[in-house]
Amino acid sequence: MKYFQIRSQTETMIDRLIECSLSVRQFRPATWTGGSSKTYGSIRAVRETLAMKSVPYRDIYDSLLDKDSYHVMMVDGSLLSFQYTFSADGEKLEKHRLTYFPSPKLPEYDELYEEYISDDIYVDAHDESLVKFPIRFDYDPVNAKGIIHPASHMTLGQYTNCRVPVTMPVTPRKFVLFIVRNFYFTAYKFNKNLFDKSAPFVTPVTAITAAEREISHFII
């Protein structure tokens, strides 16, 4: 995985979310270089979530929303963010953090809210019976500790020790498709040709160990 590949694919997937009206607001990821690394994403979003580990979820969400610390706001108010760090030359992925923070309440603040909830395409996102929880995909090989802390893993909710092994670092396309297919399925079906078509290529990198394959893991 290389910097220019990730940047190109992220832009493509954000464009597709906009095109099918799943994204109602967006901020394009930025690039900055510091020390021996190059980062593409939003350093503010990562700092916000790290600094609020023990804070109630609603407060975390409200802080991210108030400070625009996200890249995509979905039609139901859920927030997506992308963060990839590479070697300074952009040739090697060092780590990533991809987050999905669902809104604790329906987005009544959106001026187009009534229009969205009346459209059957977005019915999955507005069911008041839903129990919403954050999802995070992390890749951090430097701090990997076997099955206790897999290099690539998925965390569900705010559970400190929830780290489901993932076979490889997660590309922007796979991240967006995971979210759309599972939580916005009606919209996905309606826009299937758009989401399923190819995106700019990203070189795959295997991260899972033999021991991690022996326990429950996530193939992506």
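So Tyr188 fits all but one of (1) more than 24 Å from Leu22 (Cα to Cα); (2) touching a Lys or Arg at 6+ places or on another chain (Cβ under 6 Å); what number is the exception? Status for Tyr188: all satisfied but (1).
Taking the stated definitions as given, is Ala151 within 23 Å of Arg58 (Cβ to Cβ) and either modelled with pLDDT of 95 or more or buried (at least 20 other Cβ atoms within 10 Å of the Cβ) (or both)?
Numbers: within 23 Å of Arg58 (Cβ to Cβ): no; either modelled with pLDDT of 95 or more or buried (at least 20 other Cβ atoms within 10 Å of the Cβ) (or both): yes.
So Ala151 fails the test.
Does any residue of segment 165-187 turn out to be farther than 23 Å from Asp76 by Cβ, among the polar types (S, T, N, Q) and not in a helix (DSSP H, G or I)?
Yes: segment 165-187 contains one or more residues that are farther than 23 Å from Asp76 by Cβ, among the polar types (S, T, N, Q) and not in a helix (DSSP H, G or I).
This table checks each residue for (1) at pLDDT 90 or above; (2) not in a strand (DSSP E or B); (3) not charged (D, E, K, R).
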| site | (1), (2), (3) |
| --- | --- |
| Gln5 | yes, yes, yes |
| Gln9 | yes, yes, yes |
| Ile18 | yes, yes, yes |
| Lys38 | yes, no, no |
| Ala45 | no, yes, yes |
| Leu50 | no, yes, yes |
| Phe86 | yes, no, yes |
| Gly90 | yes, yes, yes |
| Glu108 | no, yes, no |
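The residues on offer are Val176, Val164, and the sole one that is of a type outside the set (Asp, Glu), surrounded by 18 or more Cβ atoms within 10 Å (Cβ to Cβ) and within 17 Å of Thr99 (Cβ to Cβ) is Val176.
Only one of the numbered conditions (1) in a helix (DSSP H, G or I); (2) of a type in the set (Val, Ile, Thr); (3) surrounded by fewer than 20 Cβ atoms within 10 Å (Cβ to Cβ) is violated by Thr206, and that is (1).
The values are calculated or read from the model by the stated rules, or taken from the named source; none is laboratory data. Just so you know, these numbers come straight off a predicted model, no measurement behind them. Quick reminder, even Gly has a Cβ in these numbers, built from the backbone with ideal geometry, and neighbours come from all protein chains shown.
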